[in-house]
Each structure stands twice: as structure tokens, then as C-alpha cells.
Ligand SMILES: NC(=O)c1ccc[n+]([C@@H]2O[C@H](COP(=O)([O-])OP(=O)(O)OC[C@H]3O[C@@H](n4cnc5c(N)ncnc54)[C@H](O)[C@@H]3O)[C@@H](O)[C@H]2O)c1
């Protein structure tokens with residue numbers, strides 16, 4: 001059924017359809033930059049905002065700080081008359097549609113930190129005018145768009161004497177980003193986009209925006225459905241990864257190879273989906289987002305036992321891996337104290353340079369705590385920088401035969417594809433493999449290879 005739009009909404013809709021509506025994207029990171037590119041490719045003019053001057057300068061220099069996406073994405077934008085990037089938030093009033101892609105981390109006590117959304121909301125409110133649509137993409141707990149972001153925008157607008165009404169003068173929606181950095185089979189424009197508005201007009205307008213740059217747009221009944229669906233997707237992953245990690249510990253004790261078990265189960269054509277074990281959860285989403293729901297559930301007198309159990313199992317994985325390493329070194333008549341350990345892979349997943357929440361940091365700190373000397377090798381992360389929890393001030397070593405031979409143990413934490421695993425197989429005294437990267441060298445390595 002076509003939605004009955006008032007004059008303000010109808011005018012915005014036709015501006016979007018004619019590609020005249022300017023899109024402001026706030027936060028040009030892993031989510032915002034590819035989104036800006038996809039909408040720009042769809043013909044819309046895009047104005048990017050970020051507080052990080054370095055990102056604006058990198059775009060101007062044609063350098064993509066998201067290395068896995070390549071420089072061409074940035075040069076296409078830079079060389080276009082339909083794109084600009086700025087740190088000047090007073091220009092937010094120029095945008096007809098504002099899409100918020102700022103971080104949503106956890107605080108020190110694992111509570112949601114939506115301060116970035118609220119700061120951004122205030123900035124939007126300072127220039128809010130009739131005919132603007134604001135869409136939140138940052139992952140967050142249900143009702144954030146309606147109960148937190150929009151009220152903060154309206155309060156800031158009210159301070160300027162603006163009396164605008166949501167659904168009549170301005171519009172709001174939530175549309176989750178479902179990006180999986182490094183995945184070659186999908187991109188921002190091919191991953192179906194869920195869109196839920198605060199009202200029917202907002203849904204209609206937000207869908208029209210995304211149809212310009214995304215192949216499949218899926219409207220849902222409300223912003224809350226879209227917010228909750230995103231959390232369900234991430235919780236589903238966290239819980240299933242925990243399940244397979246638990247299987248790993250049990251099967252390992254029984255001398256059964258969990259990787260072969262997962263491959264065997266995957267031959268079932270229905271009712272099973274493979275998840276793989278690892279040294280712990282990493283990245284901006286899976287270790288963090290589920291706890292947004294845990295926090296919100298308490299407000300309604302509920303606990304989220306699945307989420308907390310999964311969190312417990314997944315956060316225990318680095319301990320398990322270190323314990324396996326201690327035992328394996330012991331088997332080679334070596335104590336961890338005083339041994340030299342090389343961690344391979346600092347990024348949280350293969351073939352990207354993102355180290356946020358990477359379990360490799362936990363592994364490094366735990367091995368050091370046990371008295372080991374630890375270095376790392378990661379072709380995509382030449383040096384560490386200060387993160388939320390760690391500031392290791394380390395640099396990647398070079399991977400050559402002499403380097404490999406100089407360590408008592410090589411611990412594979414992330415299996416980037418452009419690493420010479422043959423070199424490791426030939427030269428390492430002991431390899432702890434948490435990613436099944438060494439399968440093809442199993443025979444030649446014998447007892448020098450331990451899966452953990
Ligand atoms: N990275 C992913 O794969 C992914 C996938 C799905 C959802 N998400 C969600 O998307 C959101 C953004 O994540 P990301 O990975 O793009 O983060 P990011 O850190 O890569 O990018 C965020 C950007 O926002 C900028 N920023 C911070 N505060 C700002 C402010 N007040 N105003 C303007 N810009 C500001 C930062 O400088 C940075 O460039 C998060 O909620 C995240 O959970 C991320």
C-alpha cells in the first residue's frame with residue numbers, strides 16, 4: 001500500500017528519487033566510507049563528516065586508510081564533483097539526509113557507550129531544519145533511535161527555538177550495517193539492507209535513499225525491529241562460535257579433531273551451519289554488541305543467559321590457547337618462562353588490518369605474564385597503536401627462515417592468506433595452530449604441530 005506522505009516528505013522523496021538530495025554521512029570509518037561510496041555510485045551527492053582530520057586529509061591525498069578496500073574507492077570519491085569530506089559540522093544543515101555511522105563501544109564495566117551517537121545528535125540538532133531525514137546505522141540496543149538519538153536531536157534544535165515535529169517536519173530511521181570486512185563475496189551494495197523508520201513516512205524515505213546504492217532493500221515495521229534484528233544476527237554468531245569453541249575443548253581432550261568434525265557436520269544440506277573455533281572473539285561487533293542487549297534487558301527485569309554464557313566461553317579461549325601452549329612447550333622440555341614466542345596474525349580476522357578487540361593482544365599479554373619473550377608478525381599491521389585496552393608499542397618482525405628458527409614456538413592466531421605457511425612448517429620448532437592454517441603440512445610436521 002502506498003504511504004500517504006505530507007508535502008515535506010513528498011518533496012524530500014522526489015529530491016531523493018531525482019538524485020538531488022544531499023547525503024551527509026557522519027563517521028567515515030569501516031561502515032561510513034564504503035556506504036558513502038555506494039550511495040555516491042548510485043548517483044547521490046555525498047558530504048562526509050568526521051572528527052578525524054587525518055581521514056579527511058587521507059581522502060584528499062587519494063589514500064584509503066581502509067587498506068582492504070583499496071585506493072581506487074577513495075580516488076573515485078575525491079575526483080568527483082558530487083563528493084566532499086569535512087570536519088566542519090556546521091555544514092550538516094546542507095544535507096537532506098544524514099546517516100550516522102559512529103562507534104558504539106562498551107564502557108569500562110561492559111555497559112553501552114552511546115556517547116558518540118549523542119554527541120553527533122547534538123551536532124545535528126544545532127542545524128536541524130524541516131525536510132531532513134536522520135538514519136542511524138551504528139549497532140545499538142533496541143529503542144535507541146526513538147528514545148535516545150531523536151530526543152537528543154530535537155532537544156538541541158529546541159534550544160535554538162526550532163519547533164519541529166518528528167514524522168511531520170523531520171524524519172528518523174534505523175538501518176543496520178551488516179558489513180563483514182574482508183569478505184569478497186559481498187559488499188555494501190549487495191548485502192540486503194534492513195530499514196525501519198519511526199513512522200511509515202520515515203521508512204519510505206529511508207528505503208528510497210538506500211535503493212540508490214543497494215541492490216536489495218528490505219523495509220521492516222519499525223526502527224525497533226531493525227535494531228533488534230541486527231543484535232539477533234550478532235548474538236547468533238557469538239553463541240554459535242562459543243558452542244564450537246566448547247566442542248573444541250572437549251574433543252581436544254578426547255583426541256578428536258574439531259575441524260574435521262565441523263567439516264563432516266557441514267555435509268548436512270539443511271539444519272546446520274558451520275562455525276569455526278578460534279583463539280577468542282575479535283572485532284568491533286561480535287564481542288561487544290550482544291552486551292548492549294544484556295544491559296537493556298536488565299531495565300525490563302530480564303537476564304540474557306545465552307549471551308553471558310557465550311561471552312564466558314569465548315573470553316576463556318585465550319586462556320585455553322595459552323594453557324595448550326604451556327603444555328606443548330613442556331612436551332618439548334621447555335618452560336614458557338624464558339621461551340621465545342612468535343604470534344602470527346595480530347588483526348582479529350584474516351586479510352584485514354583491523355585489530356579492534358583482537359584476541360592476539362590477550363595472547364601476547366598472557367604469554368608475557370608467564371615470562372615469555374613475545375614478538376608478532378602481521379603483514380597487514382606493521383606496528384601496534386594504543387587501543388581501548390592495550391598499548392603494546394610493538395612492531396611486526398619480518399618473516400624469514402632465520403626469524404622462524406629463532407623462536408621456541410610459533411602461535412598462529414590469525415591466518416592471513418598471504419603468509420608463507422610452508423616457511424613456518426619447515427623452520428618452526430613448534431607451531432600452535434588456532435585456525436587450522438597448517439593442515440596441509442600436518443604429515444611433515446608431526447609432533448611439532450599442535451592445534452588449540
Ligand atoms: N566495522 C564493521 O564491520 C561493522 C559492521 C557492522 C556494524 N558496525 C557498527 O557501525 C558503527 C561504526 O563502526 P565502524 O567499524 O565504522 O567504526 P570506525 O571506528 O571504523 O569508524 C567510526 C568513525 O567515526 C568517527 N567519529 C567518531 N566520533 C565521531 C563524531 N562525534 N562525529 C563524527 N565522526 C566521529 C571516527 O573518527 C571514525 O572515522 C558501530 O556502531 C559498529 O558497531 C561495524
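Which of 262, 249 has the fewest other C-beta atoms within 10 Å, and how do the rest follow up to the most?
249, 262
Would you mind calculating the gained length between residue 375 and residue 110 on full extension (0.36 nm times residue separation, minus the Cα-Cα distance), in nm to one decimal?
92.5 nm
Could you run the Debye sum over the Cα atoms of the stretch 278-338, one equal point scatterer each and no solvent, and tell me log10 of I(q)/I(0) at q = 0.21, 0.26 Å⁻¹, two decimals?
Debye curve over Cα of the stretch 278-338, log10 I(q)/I(0) at q = 0.21, 0.26 Å⁻¹: -0.82, -1.02.
With N set to the residue count of the stretch 116-194, report its C-alpha Rg divided by 2.2 N^0.38 Å to two decimal places.
1.27
Write down the percent of antiparallel bridges among all DSSP beta bridges whose residues are both part of the chain, to the nearest 5. Walk me through the numbers on the way to the answer.
Numbers: 4 of 43 bridges.
Among the beta bridges of the chain, antiparallel pairing accounts for roughly 10 percent.
Rg (Å, one decimal) plus Dmax (Å, integer) for the alpha carbons of the stretch 7-224?
16.1, 49
Relative to the longest principal axis of the chain, what angle (0 to 90°, nearest 10) does the C-alpha long axis of helix 150-159 take?
Taking Cα atoms only, the helix is inclined about 50 degrees.
Fewest Cβ neighbours within 10 Å first, please rank 354, 4 accordingly. List each step's numbers first, then the result.
On the way: 354 21, 4 10.
The order, fewest Cβ neighbours first, is 4, 354.
Which percent of the Cα-Cα distances in the chain go past 38 Å?
30 percent
Taking the Cβ-Cβ separation of residue 368 and residue 405 as r and a Förster radius of 22 Å, what is the calculated FRET efficiency to the nearest 0.05?
Step by step, r from the Cβ atoms, then E = 0.50.
Cα-based Rg of the stretch 257-451 per 2.2 N^0.38 Å, rounded to two decimals? Walk me through the intermediate numbers first.
On the way: Rg = 17.7 Å, N = 195, 2.2 N^0.38 = 16.3 Å.
Here the answer is 1.09, to two decimals.
Which shape class, rounded, prolate or oblate, goes with the stretch 1-132 when its Cα gyration tensor gives a ≥ b ≥ c as root eigenvalues, a/c under 1.5 marks rounded, and past that a/b bigger than b/c marks prolate?
Oblate shape, in that a/c is at least 1.5 and b/c is the bigger or equal ratio.
Cα centroid distance between the stretch 365-443 and the stretch 196-254, in Å?
So the separation of the two Cα centres works out to 33 Å.
How far, in nm, would the chain grow between residue 72 and residue 5 when pulled straight, counting 0.36 nm per residue and subtracting the alpha carbon separation?
20.2 nm
By counting other Cβ atoms within 10 Å of each Cβ, how are 377, 49 ranked from fewest to most? Don't skip to the answer; put the middle values down first.
Details: 377 22, 49 29.
By the 10 Å Cβ count, ascending, the order reads 377, 49.
How much length would be gained if the chain were fully extended between residue 180 and residue 268, taking 0.36 nm per residue of separation minus their Cα-Cα distance, in nm to one decimal?
29.2 nm is the gain from fully extending residue 180 to residue 268.
Tell me the angle of helix 32-41 to the major Cα principal axis of the chain, expressed in degrees between 0 and 90 and rounded to the nearest ten.
60 degrees
What is the helix-to-structure angle for 290-299, meaning the angle in degrees between its Cα long axis and the longest Cα principal axis of the chain, kept from 0 to 90 and rounded to the nearest 10?
60 degrees
Coordinate-derived values only; no laboratory data. The structure displayed is predicted, hence computed values, not measured ones. So basically every Cβ, Gly included, is an ideal-geometry build from the backbone, and we count neighbours across all protein chains shown.
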